[in-house]
1. In square angstrom, what is the accessible area per residue of the chain with a 1.4 angstrom probe?
2. In the chain, which whole DSSP H runs stretch at least 18 Å along their own axis (Cα) and average -1.0 or higher on the Kyte-Doolittle scale?
3. Of the listed values [x] 0.94; [y] 1.57; [z] 1.21, grab the one calculated as Cα Rg over 2.2 N^0.38 Å from the structure here.
4. Could you sort 57-70, 20-33 so that the peptide with the highest average Cβ count within 10 Å comes first and the rest follow in order?
5. Where does the chain land at 222 nm, in deg cm²/dmol rounded to the nearest 500, when only DSSP H runs of n ≥ 4 count, each adding -39500 (n - 2.57), divided by all residues?
6. Got the relative contact order for the chain handy, in percent, Cα pairs under 8 Å and 6 or more residues apart?
Amino acid sequence: MLMYILKKTESEIREVFAPKVDGLINLDHATKDLALEKFVVFSSVAGVMGNSAQGDYAVANAFMDNYVSYRN
């Protein structure tokens, strides 16, 4: 069942954020001293287009898109 973000608990939102947000930050820290030719991440169009039933997922993807710009 899809739940709107306002009805989700903090724990449920963190569960959605963790793979994309924490995973990306940890990967960045783990590779910070490597001379990488590419740093590829896989976000979703949900970060740009949004999805009212999955606001937390859309925010996590938008974070990824913005974080790679910051890292670059």
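1. 76
2. Going by DSSP H runs, the hits are 55-71.
3. It is the value labelled [z].
4. Answer by packing, highest mean first, reads 57-70, 20-33.
5. Taking each H run of at least 4 residues, the total per residue is -15000 deg cm²/dmol.
6. Computed value for the chain: 41 percent relative contact order.
The values are calculated or read from the model by the stated rules, or taken from the named source; none is laboratory data. Since this is a predicted model, take the numbers as computed values, not measurements. Positions of Cβ are backbone-derived with ideal geometry, glycine not excepted, and every protein chain shown enters the neighbour counts. The area values use the complete protein model at the heavy-atom level, side chains included, leaving out ligands, DNA and RNA. Shrake-Rupley method; radii C 1.70, N 1.55, O 1.52, S 1.80 Å.
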